[in-house]
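Asks: Let me give you the structure first, and then I'll get to my questions.
The values are calculated or read from the model by the stated rules, or taken from the named source; none is laboratory data. Computed from a prediction, not measured in an experiment: that's the story for all the values here. With ideal geometry, Cβ positions are generated from the backbone for all residues, glycine too; neighbour counts draw on all protein chains shown.
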């Protein structure tokens, strides 16, 4: 590895699949070479715990993260995607509840009523037909929200909040 210049990299990612022993040996070799930043993939929570015990601070667990995102989408009606920032806070994409359609953000008072911070709105619009083919959908980010913005049917709200607040908003009538 040293002959291939591995120590010249700012970061090394160890993404060896199911062979955890090979991943451990690779991590150990990288540490012995003095690589400063190592990101390692773990396939189980036990593997993640072992890697952290070895001093690897950045451990990714794609299967665990995917399962958590799926659980959130099943648990909270209207959640499309989520990113858990901590055990308390998440960023989520939520279909705008029907009760919000046609109202301005100022009228909705999202922070006061639900305890959520709106990061932005994603609006899906149909683009023009090209060469007589199907029209394509275009996803637009509306930028920094203002009280004057109106929620439209099909809008996706990008929120920062605690899970109980997200659940409260998703159940809004």
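Asks: Enumerate the helices (runs of 4 or more DSSP H) found wholly within segment 1-75, keeping only those where 2 or more residues are within 30 Å of residue 171 (Cα to Cα), under 23 Å from the mean Cα position of the chain (by Cα) and without any contact (Cβ under 8 Å) to a residue 40 or more places away in the chain.
Replies: 62-75
Asks: Taking segment 14-29, which residues are touching a strand residue (DSSP E or B) at 6+ places or on another chain (Cβ under 6 Å) and surrounded by 13 or more Cβ atoms within 10 Å (Cβ to Cβ)?
Replies: Correct list: 14, 23, 26, 27.
Asks: Out of segment 36-52, which residues are loosely packed, with under 15 Cβ neighbours inside 10 Å and either modelled with pLDDT under 90 or more than 15 Å from residue 15 (Cβ to Cβ) (or both)?
Replies: Of everything in segment 36-52, those that are loosely packed, with under 15 Cβ neighbours inside 10 Å and either modelled with pLDDT under 90 or more than 15 Å from residue 15 (Cβ to Cβ) (or both) turn out to be 36, 44, 45, 46, 49, 52.
Asks: Given the conditions (1) surrounded by 14 or more Cβ atoms within 10 Å (Cβ to Cβ); (2) at pLDDT below 90; (3) part of a helix (DSSP H, G or I); (4) in contact with a helix residue (DSSP H, G or I) (Cβ under 8 Å, 6 or more places away or on another chain), report the number of the one that residue 82 does not fulfil.
Replies: The single condition residue 82 does not satisfy is (3).
Asks: Looking for something closer than 30 Å to residue 61 by Cβ, surrounded by 17 or more Cβ atoms within 10 Å (Cβ to Cβ), modelled with pLDDT of 85 or more and touching a helix residue (DSSP H, G or I) at 6+ places or on another chain (Cβ under 7 Å) - is there at least one such residue anywhere in segment 96-109?
Replies: no
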